[in-house]
1. Go through region 1-30 and give me each residue that's part of a loop (DSSP other than H, G, I, E, B) and more than 22 Å from residue 97 (Cα to Cα).
2. Going by the conditions given, is residue 84 closer than 26 Å to residue 2 by Cα and crowded, with 21+ Cβ neighbours inside 10 Å?
3. Test of understanding: among 147, 161, which residue is in contact with a helix residue (DSSP H, G or I) (Cβ under 6 Å, 6 or more places away or on another chain) and crowded, with 22+ Cβ neighbours inside 10 Å?
4. Taking region 25-53 only, how many residues are exposed (fewer than 13 other Cβ atoms within 10 Å of the Cβ) and either without any contact (Cβ under 8 Å) to a residue 60 or more places away in the chain or touching a strand residue (DSSP E or B) at 6+ places or on another chain (Cβ under 6 Å) (or both)?
5. Quick one: residue 240 ticks every box in (1) touching a helix residue (DSSP H, G or I) at 6+ places or on another chain (Cβ under 7 Å); (2) crowded, with 20+ Cβ neighbours inside 10 Å except a single one, so which number is it?
6. Does region 225-262 hold any residues that are in contact (Cβ under 8 Å) with a residue 60 or more places away in the chain and either touching a strand residue (DSSP E or B) at 6+ places or on another chain (Cβ under 6 Å) or closer than 19 Å to residue 185 by Cβ (or both), and which are they?
7. Looking at 205, 169, which one is out of contact with any strand residue (DSSP E or B) (no Cβ under 6 Å at 6 or more places or on another chain), buried (at least 17 other Cβ atoms within 10 Å of the Cβ) and part of a loop (DSSP other than H, G, I, E, B)?
8. Test each condition in (1) over 22 Å from residue 99 (Cα atoms); (2) outside the structural domain of residue 244 (by TED's automatic domain parsing); (3) in a strand (DSSP E or B) for residue 210 and report the one that comes out false.
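The values are calculated or read from the model by the stated rules, or taken from the named source; none is laboratory data. The model shown is predicted, which means the values in this text are computed figures rather than measured ones. Quick reminder, even Gly has a Cβ in these numbers, built from the backbone with ideal geometry, and neighbours come from all protein chains shown.
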């Protein structure tokens, strides 16, 4: 038996949280056997729970017992070996560290299940319900987390867990079937750990269809295997978007792939026309760039050392945009001030030239698109000299594109740097950007309505 080839990444993720040395973690893992026991009667939910439970266990533990109904067990053993070729498949594991899948399971202590939108973890067998890969995936993570706590924290819970993914109570949506829907055109930016999990669930959702453009310029690395649920050992050095496309090929979602960054893709295409953008990149600049492209809906997923989360941002609502959640810390040199220094101009003159040039670009662009002269007006928005005089110290310009009737309007919205007393974005409309942000949105919405 040997540790996974990506053990160094495992230790970098776990060592600090568990306050253990590399050698101590290695010794602890080599003394552990975990298990998955398959029942005779397995529903779709049970099958998905078994897949993801095995997937997660194989990325951490070097010894796994996968027992029970042979067809299901054989498939899961093959999955574990594809993820970690060094994993040792053994005949049995302690009951307390074994996850039971489906009905008729014996020799297990943990029983995850899914019933519609409700994910459950019990300590006796649960009845399942309507198939739902999202709640099934959640149930599998509950079980894997409980195994982890029992091994490393020596903690054994006796309370059943039941969580609705609709509103986080215990029962909402328990008997609901998944409705059919068309997701439309979606830019899916970054096929990393968060993106992998989303694609895993979407690929198993037979009622979802649409058109995805997967955008990621990176290849899969050995260190990614510790947390990428779509990836197996043989996928190392493959483009991440190709891995995502392969998994989604079995779904009703049509897929295109782009091996560029979002910024490069946008620049090559003169902005974006896609109304929905899902993003889970590992840097703030790209998240702010995503909002600057003005999709109608942005869905943002993230993980950190001690937390994870998701947010969604509808352009037409009076609420915080994605950029509000990733404000720069402290005052910096704005682009207008950088231009002023480079050209030897005053900050006031540079700001006014900047604004004038942007509206000039808009007019030239629309002249090309519409075939007639267009003088851009500025409804509900003006750039007085007094306001522009402060732009170099307080404002950071960012290009915004918006599609309308087959052509695009280019505008510039200006984001204020965060004030010393903090930001109110999480409590509603960002007060520090109230004037500029609302005005910019009013301009775009006005253009959409009139054109």
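1. Passing the criteria: 5, 6, 19, 21.
2. Here the answer is yes, as residue 84 does meet what is asked.
3. Matching residue, one of 147, 161: 147.
4. 3
5. If we test residue 240 against (1) touching a helix residue (DSSP H, G or I) at 6+ places or on another chain (Cβ under 7 Å); (2) crowded, with 20+ Cβ neighbours inside 10 Å, just (1) comes out false.
6. Once the filter is applied, which keeps residues that are in contact (Cβ under 8 Å) with a residue 60 or more places away in the chain and either touching a strand residue (DSSP E or B) at 6+ places or on another chain (Cβ under 6 Å) or closer than 19 Å to residue 185 by Cβ (or both), region 225-262 yields 253, 262.
7. Matching residue, one of 205, 169: 205.
8. Single failed check for residue 210: (2).
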